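One structure below.
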Amino acid sequence: MSAIFIWSERFHLLTGKETGWRSFKSAQGIDGLMRIKGHDLELLAVTAGDPGKGQFRRFVAACKQKHDSICIWAIWNDDLPAILRRYGFRPHSIHEPDGELLEGYLWTAQ
């Protein structure tokens, strides 16, 4: 797959501060919000256009080929933690500078 992301406009918080988050559509049929820091990819609020057809699996595999790490935040699907563990992700959390605890799942290249 030649292009993973088709970029859209920059995403801003209500405060107007630049967050670095961008909306995207992938060649695999996954949409959402993402940001890249160096070779690391962060994903937020991803959705599949046709759930249950392997789109997410193909999307994650393509991302693993391009990035040193992938972190997925805001897990709202009860099935996703088990799926992410099968794909080599592990639970991950950080504290934001404002003290907010963020929890998600992290994959790191070996």
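Structural remarks
- Given (1) part of a loop (DSSP other than H, G, I, E, B); (2) of a type outside the set (A, V, I, L, M, F, W, C); (3) modelled with pLDDT of 95 or more, number of the condition PRO91 does not satisfy: (1)
- A Cβ distance below 6 Å, combined with a sequence gap of six or more or placement on separate chains, defines the contacts here; from region 36-54, residues that are farther than 15 Å from GLY104 by Cα reach residues that are surrounded by 17 or more Cβ atoms within 10 Å (Cβ to Cβ) and of a type in the set (A, V, I, L, M, F, W, C) in the pairs ALA48/ILE30; ALA48/PHE56.
- Count of residues meeting criterion [under 12 Å from the mean Cα position of the chain (by Cα), at pLDDT 90 or above and under 23 Å from ASP78 (Cβ atoms)] in region 35-58: 3
- Screening THR108 against (1) buried (at least 16 other Cβ atoms within 10 Å of the Cβ); (2) β-branched (Val, Ile, Thr); (3) modelled with pLDDT of 90 or more leaves a single unmet condition, (1).
- Residue that is modelled with pLDDT of 90 or more, surrounded by fewer than 11 Cβ atoms within 10 Å (Cβ to Cβ) and not charged (D, E, K, R), where the choices are ALA82, ALA3, ALA61: ALA82
- Whenever a residue of region 87-110 is in contact (Cβ under 8 Å) with a residue 40 or more places away in the chain, its partners that are aromatic (Phe, Trp, Tyr) and in a loop (DSSP other than H, G, I, E, B), lying with C-beta atoms within less than 8 angstrom and at least six residues away or across chains, give the pairs TRP107/TYR87; TRP107/PHE89.
The values are calculated or read from the model by the stated rules, or taken from the named source; none is laboratory data. Being a predicted model, the structure only gives us computed values, none of them experimental. All Cβ positions, glycine included, derive from the backbone under ideal geometry; neighbour counts span all protein chains shown.
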